[in-house]
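Remarks on the structure that follows.
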């Protein structure tokens, strides 16, 4: 028999963290994971707007890698503070300094292309630019949600916020590139 996605365990307004601890669905960690999940979807929405060619293939591969990184990030955020050591010792993929450097390198490569922009952007020049800008705003929301977690007793490794911050910078540049 196939297992149903509808477990009904959340009907009471709670959900599980990674190792089973039940928390309210509006718990700060769940809010952060939800924002990261939205960001993953927003990145996926960019990929069909990449028509082809070597540059688009590189960008598609970068976005797919970032989506995989976000899944790792969500896993780490989705465990209770008491389970952090268990998570870090697990075989789950973890975000690394190298993942942050990948985004730094992508930002540097776009900046080296001499993109032209002046002041604040007005999104919507075309679908690809607007989708990148939408993903950027979702990244900023995810970053804000991550930033609240220490005040709620959930420590974070610095790489987690750095990654999302860099990703939002990258998305801003990708939107400006798409406008041109």
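The values are calculated or read from the model by the stated rules, or taken from the named source; none is laboratory data. What you see is a predicted model, and the numbers here were worked out from it, not measured in a lab. Cβ sites come from the backbone with ideal geometry, for glycine too, and all protein chains shown count toward neighbours.
Limited to segment 8-21, what total is found for residues that are within 16 Å of residue 153 (Cα to Cα) and touching a strand residue (DSSP E or B) at 6+ places or on another chain (Cβ under 7 Å)?
Residues meeting the conditions: 1.
I'm checking my understanding of the structure. Among residues of segment 77-92 that are assigned to a helix (DSSP H, G or I) and in contact with a helix residue (DSSP H, G or I) (Cβ under 7 Å, 6 or more places away or on another chain), which one is nearest to residue 155 (Cα to Cα)? Don't jump to the end; show me each part of the working.
From segment 77-92, those assigned to a helix (DSSP H, G or I) are 77, 81-89; that's our starting set.
Filter again for in contact with a helix residue (DSSP H, G or I) (Cβ under 7 Å, 6 or more places away or on another chain), leaving 77, 87.
Values: 77: 9, 87: 13 Å.
The extreme case among them is 77.
Answer with yes or no whether residue 66 is in contact (Cβ under 8 Å) with a residue 24 or more places away in the chain, assigned to a helix (DSSP H, G or I) and more than 22 Å from residue 153 (Cα to Cα). Quick ask: steps written out before the conclusion?
Details: in contact (Cβ under 8 Å) with a residue 24 or more places away in the chain: yes; assigned to a helix (DSSP H, G or I): yes; more than 22 Å from residue 153 (Cα to Cα): yes.
In short, yes.
Looking only at segment 2-22, how many residues end up being free of Cβ contacts under 8 Å to residues at least 12 places away in the same chain and at negative phi?
12
Among 48, 24, which is surrounded by fewer than 19 Cβ atoms within 10 Å (Cβ to Cβ), at pLDDT 95 or above and farther than 19 Å from residue 164 by Cβ?
The match here is 48.
Given the residues 160, 149, 95, which is the only one that is part of a helix (DSSP H, G or I), in contact (Cβ under 8 Å) with a residue 12 or more places away in the chain, in contact with a helix residue (DSSP H, G or I) (Cβ under 9 Å, 6 or more places away or on another chain) and closer than 22 Å to residue 44 by Cα?
Exactly one residue qualifies, and that residue is 160.
Checking the conditions here, which among 43, 18, 36 is part of a loop (DSSP other than H, G, I, E, B) and surrounded by 14 or more Cβ atoms within 10 Å (Cβ to Cβ)?
18
Taking residue 129, is it part of a helix (DSSP H, G or I), surrounded by 12 or more Cβ atoms within 10 Å (Cβ to Cβ) and touching a helix residue (DSSP H, G or I) at 6+ places or on another chain (Cβ under 7 Å)?
In short, yes.
In this structure, is residue 72 within 14 Å of the chain's Cα centre (by Cα), surrounded by 14 or more Cβ atoms within 10 Å (Cβ to Cβ), more than 16 Å from residue 177 (Cα to Cα) and at pLDDT 95 or above?
yes
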